[in-house]
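A short write-up of the structure that comes next.
The values are calculated or read from the model by the stated rules, or taken from the named source; none is laboratory data. Everything numeric in this text was worked out from a predicted model, so none of it was measured. Using ideal geometry, Cβ is built from the backbone for each residue, glycine included, and neighbour counts are taken over all protein chains shown. For accessibility, only protein heavy atoms count, side chains too; no ligands or nucleic acids. Shrake-Rupley method; radii C 1.70, N 1.55, O 1.52, S 1.80 Å.
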Amino acid sequence: MSQDATTRTAVVTGASSGIGAATVRRLRAEGFEVLAVARRADRLAALAEETGCSTHVADLTAQADVDALREVVRERFGGDLTALVNNAGGAFGTDTVEGGKVEDWQRMFDVNVLATLRVTQALLPALRAGTGGDVLVMSSTAARIAYEGGGGYTAAKHAESVMAETLRLELAGDPVRVLEVAPGMVRTEEFSLNRTGGDAARADAVYAGVREPLVAEDVADCVAWMLTRPRHVNVDLLVVRPLAQAAQHKVVREQV
Ligand code: NDP
């Protein structure tokens, strides 16, 4: 299918939950055609039913799945893509560097860094087509600072952030904006549960007493704002935190 000049198209990765699902909802409300990507087919199907997005099931740590995604984008959007939201990612473990598991670090680099690399490489030709497009990277405030027990995640998010910065330099002169959102504490259903290996009490403790952590819709709002600026406006980096979190180690907690 080829697109007319006014159709805006987006691929959102990590769309089966949290920030990715909220971004799909928001971009659909803004009139984008959206291809939602993740591994869990049932969740994507429910999102499609709700929002009218299209879906593609893929493990983005597998090159063959990313190659298949490129073909789907070619078929569905006529090879002309307005936005790629590289949101799939996550944290696994809270170990010290000394005690960290190599497998956890590997998973974090795979999904945060290398998946973003694979998908960006695969879709850049489609983003260059037509009037140009946007590569958005969902990093984190963990990309800007170190904290104890966060070594693998902060290292991966720093790498993801530097990839965005490098890409922006390399694409200078091309009609492609490179945008980065670095959220602080966002209360999503699965992020902290995945980090703690499914320990609900430890996951809840992350947000204990914090008045109004960000929610997925807050971050989706930032994404939508960045993507809908006039094309000559490149929001390089947007750092967004809840009011209660002045810095990574400076979180105001009320008695609970
Ligand atoms: P979630 O755990 O809810 O979402 C992660 C998404 O990534 C899921 O949809 C998951 O879907 C997808 N995903 C994971 N692995 C793969 C894979 N191999 N292939 C394809 N998709 C995959 O987390 P959030 O919504 O909270 O976080 C989204 C992004 O925002 C992440 O990059 C995270 O690092 C970042 N972030 C989150 C913050 C927070 O406090 N929550 C703060 C700052 C940044 P599925 O399992 O179906 O594949």
If you check Gly99, Gly130, which single one turns out to be small (Gly, Ala, Ser), in a loop (DSSP other than H, G, I, E, B), over 24 Å from Arg241 (Cα atoms) and at pLDDT below 95? Gly130
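Restricting to the stretch 1-30, what's the tally of residues that are among the hydroxyl-bearing types (Ser, Thr, Tyr) and at pLDDT 95 or above?
Going through the stretch 1-30, the residues among the hydroxyl-bearing types (Ser, Thr, Tyr) turn out to be 2, 6-7, 9, 13, 16-17, 23.
From what is left, the residues that are at pLDDT 95 or above are 9, 13, 16-17, 23.
Qualifying residue count, the stretch 1-30: 5.
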Residue hits (the stretch 204-256; surrounded by fewer than 17 Cβ atoms within 10 Å (Cβ to Cβ), over 20 Å from the mean Cα position of the chain (by Cα) and assigned to a helix (DSSP H, G or I)) are Asp204, Ala205
Is there any pair linking a residue in the stretch 55-83 that is farther than 19 Å from Ala41 by Cβ to one that is among the aromatic types (Phe, Trp, Tyr), with Cβ under 8 Å and at least six apart or on different chains, and which? Thr82/Phe32; Ala83/Phe32
Spot the failing condition for Thr55; the list is (1) within 20 Å of Val176 (Cα to Cα); (2) open to solvent by 30 Å² or more (accessible area, probe 1.4 Å), and only one is missed. (1)
I need every pair where a residue in the stretch 170-192 that is near the ligand (Cβ under 8 Å from one of its atoms) has its Cβ under 7 Å from the Cβ of a residue that is outside any strand (DSSP E or B) and among the basic types (Lys, Arg), sequence separation at least 6 or different chains. Ala182/Arg144; Gly184/Arg241; Met185/Arg241
Output for the stretch 139-169, where each listed residue is open to solvent by 60 Å² or more (accessible area, probe 1.4 Å) and either over 19 Å from Ala115 (Cβ atoms) or within 11 Å of the ligand (Cβ to nearest atom) (or both): Arg144, Ile145, Ala146, Glu148, Leu169
Given (1) farther than 24 Å from Asn112 by Cβ; (2) surrounded by fewer than 12 Cβ atoms within 10 Å (Cβ to Cβ), index of the condition Gly198 fails: (1)
Check the stretch 31-38 and report whether any residue there is assigned to a helix (DSSP H, G or I) and either at pLDDT below 95 or out of contact with any helix residue (DSSP H, G or I) (no Cβ under 7 Å at 6 or more places or on another chain) (or both). no
Count of the stretch 78-105 residues which are more than 16 Å from Gly149 (Cα to Cα), open to solvent by 10 Å² or more (accessible area, probe 1.4 Å) and of a type in the set (S, T, N, Q): 2
